[in-house]
1. Are there any pairs with C-beta distances below 6 angstrom linking a residue in the stretch 55-83 that is on the phi < 0 side of the Ramachandran plot and open to solvent by less than 20 Å² (accessible area, probe 1.4 Å) to a residue that is of a type in the set (Asp, Glu) and assigned to a loop (DSSP other than H, G, I, E, B), with the two at least 6 apart or on different chains, and if so which?
2. For the stretch 10-31, check the following and say yes or no: at least one residue is assigned to a strand (DSSP E or B), closer than 17 Å to Leu137 by Cα and at pLDDT below 90.
3. Taking interchain pairs and intrachain pairs at least six residues apart, which have beta carbon atoms under 7 angstrom, with the first residue in the stretch 219-240 and farther than 16 Å from Arg253 by Cβ and the second open to solvent by less than 70 Å² (accessible area, probe 1.4 Å) and among the charged types (D, E, K, R)?
4. Would you mind telling me which numbered condition in (1) under 27 Å from Trp205 (Cα atoms); (2) surrounded by fewer than 17 Cβ atoms within 10 Å (Cβ to Cβ) Glu86 fails?
5. Only one residue in Arg253, Arg222, Arg261, Arg244 is at pLDDT below 85, surrounded by 12 or more Cβ atoms within 10 Å (Cβ to Cβ) and in a loop (DSSP other than H, G, I, E, B). Which one?
6. Given the conditions (1) buried (at least 19 other Cβ atoms within 10 Å of the Cβ); (2) in contact with a helix residue (DSSP H, G or I) (Cβ under 7 Å, 6 or more places away or on another chain); (3) modelled with pLDDT of 90 or more, and given that Ala45 satisfies all but one, which numbered condition is not satisfied?
7. Mind listing whichever residues of the stretch 169-202 are over 28 Å from the mean Cα position of the chain (by Cα) and closer than 14 Å to Asp156 by Cα?
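The values are calculated or read from the model by the stated rules, or taken from the named source; none is laboratory data. Bear in mind that the values here come from a model prediction, so they are computed numbers and not experimental data. Every residue, glycine among them, receives a Cβ derived from its backbone with ideal geometry; neighbour counts consider all protein chains shown. When the accessible area is computed, the model is the full protein with side chains, heavy atoms only, and any ligands, DNA or RNA have been set aside. Shrake-Rupley method; radii C 1.70, N 1.55, O 1.52, S 1.80 Å.
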Amino acid sequence: MLTHLPFDPVPRRAPTPDEPVTVNLRRPPPDVVIPPHSHDWAQLAFPLQGGMRISAAGMAWVVPSFRAVWIPPSIEHSVVMLGQVELRTVYVAPCVAPLPLDACTVIEVSDLLRALIEALPAAAGEPERRDIIIRLLLAEMRRAPPLSLGLPLPADRRLQALCDTLMEDPASPLSLEEWAGRVGASERTLARLFQSELKMSFGAWRQQLRLARALDLIGRGRPLGQVAAELGYASQAAFSAMFRRAFGVPPSRFLAEKEARAT
């Protein structure tokens, strides 16, 4: 278990029987990588600013602001901060966990849930108020809608090399045939591995990656034209059409929601 990070001098407050939920404030350096580790407690990692990429249990999630990832206890995970990030980590004792203890998931963070997360540290010296906030916080986590932002990760080393490189550069235009020459496998073998290990095609996996990264970039306030270019789309219109097909709303609506919440 990772218990200390050199850039994080503030001790983490783990949950206890009297205080089964704690909130920790974090401001790590930009782009820092936290190596694989696990906790005895469950964790809800919630970026207020910036985004994170979390890998655990054969999956990866890009978590933008106003979303959060639930990580059950004892599940080994690693974290990559995407630029400058400010986050809250909500530690939850397994006995009161409001979400499944056997799987990670990304959830929507409502205005109420965010307010409760912010209020809990200030109530540490008021047990009655603290307990009320904890009960409301757990109830709001329980009802939070899950979001399909997960990316399955492969076990095959050749597919790992391809997927790892794409996660660093989602805009890469390389075809599966071109990737074959780079990772030492035929195009046919790679296509078969995508279906057998990841249960989707190369194109579908890359699109899911780009969608997750798009949410992060939009959450940072990047102009939509810039987001489209950074993700390899020929035009903002092509990017917007893909976004609408996936989420049912145009990216401009997501951006408006983000700006309204920030206000």
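1. Note: pairs meeting the criteria are Met81/Asp31.
2. Checked against the condition, which is being assigned to a strand (DSSP E or B), closer than 17 Å to Leu137 by Cα and at pLDDT below 90, the stretch 10-31 yields at least one hit.
3. From the stretch 219-240, the pairs are Leu231/Arg210; Leu231/Arg213.
4. Unmet condition: (1).
5. The unique qualifying residue is Arg222.
6. It is condition (2) that Ala45 fails.
7. Ala180, Gly184, Ala185, Ser186, Thr189
Residue-by-condition table, conditions (1) open to solvent by 20 Å² or more (accessible area, probe 1.4 Å); (2) touching a strand residue (DSSP E or B) at 6+ places or on another chain (Cβ under 6 Å):
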| site | (1), (2) |
| --- | --- |
| Val92 | no, yes |
| Pro98 | no, no |
| Leu101 | yes, no |
| Val106 | no, yes |
| Leu112 | yes, no |
| Glu118 | yes, no |
| Ala122 | yes, no |
| Ile134 | no, yes |
